[in-house]
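Sharing a structure, written as structure tokens. Questions coming.
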């Protein structure tokens, strides 16, 4: 009875924070020692707009902190989330860990040109992220608690503002505890609510070929990357040898689907909860759901339409390529933009891709960003503004978009999220392509004739399908200070 009551109260406690629509349910700082299960857990949290990742710090655990930061920044670059802050903790010169050579070779992303220098230490980044966030902040800990204990020792007042800590911690064979017992004891006895998640009773929670192969079937950059990272001989050998379980993977699943777990208070510490899988059969399904491209942006639709029979023939012919190449979110934004815009336009498509790239950089959902557009108020450049509004939710009605009075109109805008501002501009060679294609359209069909607009529609569909938002823009960081 007590267990049932505690579980019911816990569910209500979690759901109370889920009432507001369109905003993240959790605002988190992730601390990781860059193991392979950490990559999977981080990818899930980056993939869902129900969790806003404020920062990622690396601790010295299964990998050294500096090597871990290289992996984390390569992953953020791969996903286009360069705007997420990251920093490394101190290297503790721990005794040699057997799996480090294996983990060093795991592919998190292209490590060329990755700079692992940081303005802030892990401790400073965690403290500043807590201080500068208006919402409650939770910590998601995927390794030893070294960095978290350092935060406690450095600024106890700020540390005690932490809402919850989610930590992977088996009761037996607990490496995350053993790696830094002193740090763990400090954090466990701090009075902060801690959920210690474990997979030790989950017989169905081994990573296997089914999971890896299912990654390849999900249309999202997150799942595709995880498939690539796991589809190597070295990783497959670990899987075939039953050496790999869903460990840290369980943390984001528990955060968003607590009903799949049992929760009990630890006997000797009222602020610590022991969490174990209750419905193991559903865990994998929820992992796939979290890795799917963001589809929770719709307000009217239960699911945004992807039935090709609902679309015009020329749109139908390119929709699969758009979805597979650019994701469901860009497909959704592009469809809504062109319906709003009144025709399939070139600059409205460019604006859609630009807004999507800005959201991708900051790793945020809709309604979270301010825009200063340099596209002016006269077509054709001003058509960019429709795409910007729809793709970001920064509409005139929300008061989140301004049009610069600069008379030198161009395909560019400044995007500001919290204390970061970036400028995104269409690269000159792509501007030249549009300019030359429009000249050709006028030459063949006359200016603004019905035949001209038909030709523009063809061009717009081609650009939508073939142009990657990660390739066509110049991105300039105007300020990034925390």
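Since every read-out is calculated from the coordinates, none of them should be taken as a lab result. Everything quoted here is computed from the prediction, not taken from an experiment. Positions of Cβ are backbone-derived with ideal geometry, glycine not excepted, and every protein chain shown enters the neighbour counts.
Ranked highest first by average number of other Cβ atoms within 10 Å, how do 455-468, 135-148 line up?
The most tightly packed comes first, giving 135-148, 455-468.
How long are the semi-axes of the equivalent ellipsoid of the stretch 209-303, defined as square roots of 5 times the Cα gyration tensor eigenvalues? Whole Å, largest first.
In descending order the semi-axes read 27, 23, 10 Å.
Once a ≥ b ≥ c are taken as the square roots of the eigenvalues of the Cα gyration tensor of the stretch 196-243, is the result rounded (a/c under 1.5), prolate (a/b larger than b/c) or oblate (a/b not larger than b/c)?
Oblate.
Tell me, what is the FRET efficiency for residue 304 and residue 466 to the nearest 0.05, using R0 = 22 angstrom and their Cβ-Cβ distance as r?
The computed FRET efficiency comes out at 0.50.
What is the distance in Å between the Cα centres of the stretch 169-196 and the stretch 412-464?
Distance between centres, Cα-based: 55 Å.
Here is a follow-up. Return the FRET efficiency for the residue pair residue 474, residue 372: r is the Cβ-Cβ distance, R0 is 25 Å, and the value is rounded to the nearest 0.05.
0.95
Does anyone have the angle between helix 2-16 and the longest principal axis of the chain? Alpha-carbon axes, 0 to 90°, nearest 10?
30 degrees
Ok, one more. Label point 7 Å out from residue 119 along Cα-to-Cβ: which residues of the stretch 69-88 have amide N under 15 Å?
Of the residues in the stretch 69-88, 83-88 have backbone N under 15 Å from the label point off residue 119.
Quick one: Debye curve from the C-alpha atoms of the stretch 424-482, no solvent, what's log10 I(q)/I(0) at q = 0.31 Å⁻¹?
-1.21
May I pose another question? Given the C-alpha centroids of the stretch 209-242 and the stretch 306-376, what is the distance between them in whole angstrom?
The stretch 209-242 and the stretch 306-376 have Cα centres spaced 29 Å from each other.
If we sort 79-90, 211-222 on the protection proxy, mean other Cβ atoms within 10 Å, highest first, what's the order?
79-90, 211-222
Same structure, new question: Counting only C-alpha contacts under 8 Å and six or more residues apart, can you give the relative contact order of the chain as a whole percent?
13 percent.
If the chain between residue 193 and residue 398 were fully stretched, how many nm would it gain, using 0.36 nm times the residue separation less the Cα-Cα distance?
Gain in length upon complete extension: 70.2 nm.
Further question: Stokes-Einstein diffusion coefficient for the chain at 4 °C in a medium of 1.567 mPa s, Rh from the Kirkwood formula over Cα pairs: what value in µm²/s?
54 µm²/s
Roughly how large, in nm² to one decimal, is the mean projection of the convex hull of the alpha-carbon atoms in the stretch 282-423?
In nm², the orientation-averaged hull projection of the stretch 282-423 is 9.9.
Sum -39500 (n - 2.57) across every DSSP H segment of at least 4 residues in the chain, then divide by the residue count to get the 222 nm mean residue ellipticity, nearest 500.
Result for the chain, helices only: -13000 deg cm²/dmol.
Considering only DSSP beta bridges with both partners in the chain, what is the antiparallel share in %, to the nearest 5?
Around 45 percent antiparallel, to the nearest 5.
Right, another one. Tell me, in nm to one decimal, what length is gained between residue 449 and residue 161 on full extension, where the rule is 0.36 nm per residue of separation less the Cα-Cα distance?
97.5 nm
Cα atoms only, the stretch 358-482: Rg and Dmax in Å?
In Å, with Rg to one decimal and Dmax whole: 15.7, 53.
Starting from the 7 Å offset along Cα-to-Cβ, what nm value, one decimal, do you get for the label separation of residue 110 and residue 316?
Rounded to a tenth, the inter-label distance reads 3.8 nm.
Simple spin-label model, 7 Å along Cα-to-Cβ: residue 242 to residue 262 in nm?
Inter-label distance under the simple model: 2.2 nm.
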